[in-house]
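Take a look at the structure below.
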Amino acid sequence: MNPPPDKHTLEQAGASDESIRQVHTQLAHEKPEQAGGGYAAYPLVLLGLMCSSIFFGSIYLAHYSSHFDPLIYNENAKPVAGGPAVPVVTPAMLGKRVYTNICMTCHQQNGQGQAGVYPPLAGSEWAQGSEERIIRIVLHGLSGPITVEGKEFNNAMTPLGTVLKDEQIANVLSFVRQEWGNTAPEVKAETVARIRAETASRTQPWTAAELEKLGK
Ligand code: HEC
């Protein structure tokens, strides 16, 4: 029932096409400001910053982390005054861990041992004496009477040669010889290796009398 559009209506339609085009052009120009859900510059910059910090952070870690090696990340390491800012790890520092894990149960944290049961290492003439003797004690154990700092003990120390490697024995003895006011030179892993080889056939713990023959 719709009458065909007359000339007037067609002209009107042409006019409104023009106005629609105008509105579209306007909208197209306004687009950048209206694009709230699109790509705004600020979060993009943040994202870029995060990506680059992760990227350069990983490169830095790969170069300088040394795989977080416990030998390098040592809580006891103190920088030397005036020296390079590298952590300094001495054998005695490493030996402290072995001491804490193994020897401390008997010889105590303060190295004083336990009267009548476990002899002291602090101030001990044995601990600070010949490394020939103390390496043997740690390797194969010690039993029978022994006098330490003028006090008698007659007990037994467990052999630890199968538990501890040469380096660990050297480190723990270096610690014992330099802790609690003790002042004896470090023990080297090569010395432990040599004595381990020389005493390979030993199955029994040593006695103090036997070790005294090796000299102080
Ligand atoms: C199970 C207890 C026990 C443990 C663990 C132990 N010791 Fe001993 N240690 C003894 C006893 C007991 C003696 C004395 C043995 C005797 O009476 O003949 C001794 C003796 C010694 C001596 C010689 C005497 C002295 O006091 O100087 C040294 C050095 C020594 N131990 C070092 C160590 C070190 C280093 C460790 C750890 C690697 C260690 N001991 C672990 C019990 C222990």
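The values are calculated or read from the model by the stated rules, or taken from the named source; none is laboratory data. Model, not experiment: these values are computed from the prediction. Here the Cβ is made from the backbone with ideal geometry for all residues, glycine too, and neighbour counts use every protein chain on show.
Among what's in the range 118-148 and is more than 6 Å from the ligand (Cβ to nearest atom) and more than 25 Å from residue 203 (Cβ to Cβ), pick the residue that is surrounded by the fewest Cβ atoms within 10 Å (Cβ to Cβ). Talk me through it step by step, then tell me what you get.
Going through the range 118-148, the residues more than 6 Å from the ligand (Cβ to nearest atom) turn out to be 122-123, 125, 128-133, 135-136, 139-141, 145, 147.
Within this subset, residues satisfying the condition of being more than 25 Å from residue 203 (Cβ to Cβ) are 122-123, 125, 128, 147.
Working: 122: 18, 123: 14, 125: 11, 128: 19, 147: 13.
The residue in question is 125.
Given the criteria within 13 Å of the chain's Cα centre (by Cα), closer than 30 Å to residue 138 by Cα, at pLDDT 65 or above and hydrophobic (A, V, I, L, M, F, W, C), does residue 89 qualify? Before the answer, list the steps.
Working: within 13 Å of the chain's Cα centre (by Cα): yes; closer than 30 Å to residue 138 by Cα: yes; at pLDDT 65 or above: yes; hydrophobic (A, V, I, L, M, F, W, C): yes.
Judged against the criteria, residue 89 is a match.
In the range 4-11, is there at least one residue being assigned to a helix (DSSP H, G or I), polar (S, T, N, Q), at pLDDT below 65 and surrounded by 10 or more Cβ atoms within 10 Å (Cβ to Cβ)? Talk me through it step by step, then tell me what you get.
Pass one, the range 4-11, residues assigned to a helix (DSSP H, G or I): 7-11.
Filter once more, so that each one left must be polar (S, T, N, Q): 9.
Checking the rest, the ones that are also at pLDDT below 65 come to 9.
Cutting the leftovers down to surrounded by 10 or more Cβ atoms within 10 Å (Cβ to Cβ) gives us 9.
Yes; the residues of the range 4-11 include at least one that is assigned to a helix (DSSP H, G or I), polar (S, T, N, Q), at pLDDT below 65 and surrounded by 10 or more Cβ atoms within 10 Å (Cβ to Cβ).
Here is a yes/no grid of residues against (1) within 16 Å of residue 91 (Cα to Cα); (2) of a type in the set (D, E, K, R):
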site: 163; (1), (2): no, no
site: 170; (1), (2): yes, no
site: 181; (1), (2): no, no
site: 184; (1), (2): yes, no
site: 202; (1), (2): no, yes
Among the residues in the range 160-181, are any of a type outside the set (A, V, I, L, M), exposed (fewer than 14 other Cβ atoms within 10 Å of the Cβ) and in a helix (DSSP H, G or I)? no
Considering only the range 153-208, state which residues are touching a strand residue (DSSP E or B) at 6+ places or on another chain (Cβ under 9 Å), near the ligand (Cβ under 10 Å from one of its atoms) and either of a type in the set (Phe, Trp, Tyr) or touching a residue at least 60 places away in the same chain (Cβ under 8 Å) (or both). 153, 205, 206, 207, 208
